[in-house]
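Please read the structure below before turning to the comments.
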Amino acid sequence: MSNSKYIVQLITALGTCAIVAACGGGGGGALNPPPTSTPKTSPTPTISPTPTPSPGLTGNMQVATGGTVGSFTYGPAANATVVFSCGCSTQAGTATADGTGAFTLVANSTPTPSAPNPTYTIVPGRNYIVVATTAGGAEAWTTQFAGNNPARNQYLDSNVSDVYAAAVSLYVFNNSPSGTTAFDDWNFNALSAWYTSLKTSPNGAETALLNDIASRSAANKTLFPGAPSWNMTQMSSTLIKNDLAAVKTSGDAMIPTPCPGGEAGCTGTPTP
């Protein structure tokens, strides 16, 4: 074989190898690394698990089944639909209670209504009103304070809703600053103190409110004194609204008021 033919065959062979290598994919490196070289390997990719929302607030909801001040009776808000809001927007977060009325409000939940934001986010340092509605229509209300971690969350008493927690929550709902429904404009410590006062020494107007909450719950009737920003078609109760107005002017010094100047004006509040 002549030298010229040999050179042509060698060039052709090298070109064929290059084409095969280019179509084969895989990592880079020389086509024929020196025998003493350590072959290069691609690092195994680290796949991070898909993040899941962490629990934000937990509790147990029960509905009043009858009774009067000092002797209320209760049943679990089993499998109730739960909505919660700080009153900071036209949306609320959602959850579902289990068969015992226990619930978990995750940090990022499905909102109602579904727009404008795709999720409803719990913000540490804010108060959240929680409303559970059973299939029959009975409601349980409470208020919670969200901390930076579960150990810093604050609840009214034992974190189990009752008629007294409903009264506090309904009052905040109905008397938040004009033009808004900002439930975090209230000092949670003041709400907690009034809750204790309602349980120990309610005045006449407060007693009427408490008893009406229990009777309406037992009759599977709504407690909303007006439609919330997240559901403008919500049915409401004139009785509860009038009770709340009477409580406001009843002269009880323990009744809390919104912080002057809104959330920024709150002092002595729990640490987030």
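The values are calculated or read from the model by the stated rules, or taken from the named source; none is laboratory data. The model shown is predicted, which means the values in this text are computed figures rather than measured ones. No Cβ is skipped: glycine too gets one built from the backbone with ideal geometry, and neighbour counts run over all protein chains shown.
Take A190 and tell me if it is within 22 Å of P258 (Cα to Cα), under 20 Å from the mean Cα position of the chain (by Cα), modelled with pLDDT of 95 or more and surrounded by 15 or more Cβ atoms within 10 Å (Cβ to Cβ).
no
Let me confirm something: among D157, D184, which residue is in contact with a helix residue (DSSP H, G or I) (Cβ under 8 Å, 6 or more places away or on another chain), of a type in the set (D, E, K, R) and surrounded by fewer than 18 Cβ atoms within 10 Å (Cβ to Cβ)?
The conditions single out D157.
Within the stretch 227-244, take every residue that is in contact (Cβ under 8 Å) with a residue 24 or more places away in the chain and more than 14 Å from S85 (Cβ to Cβ) and give me the one that is surrounded by the fewest Cβ atoms within 10 Å (Cβ to Cβ).
K241
Give the residue, chosen from A95, A21, A13, that is at pLDDT 50 or above and either outside any loop (DSSP other than H, G, I, E, B) or touching a helix residue (DSSP H, G or I) at 6+ places or on another chain (Cβ under 9 Å) (or both).
A95
Can you tell me which residue among A135, A165, A102, A115 is touching a strand residue (DSSP E or B) at 6+ places or on another chain (Cβ under 7 Å) and farther than 20 Å from I240 by Cα?
After applying the criteria, what remains is A102.
Select from the stretch 140-165 the residues that are free of Cβ contacts under 8 Å to residues at least 60 places away in the same chain and within 26 Å of S236 (Cβ to Cβ) and list them in ascending order.
Hits for the stretch 140-165 are T143, L156, Y164, A165.
Given the options N231, N220, name the one that is at positive phi and outside any helix (DSSP H, G or I).
The conditions single out N220.
State which residue is surrounded by the most Cβ atoms within 10 Å (Cβ to Cβ) when the search covers only the stretch 83-110 and only residues that are more than 30 Å from A218 (Cβ to Cβ) and touching a residue at least 60 places away in the same chain (Cβ under 8 Å).
Here the residue is Q91.
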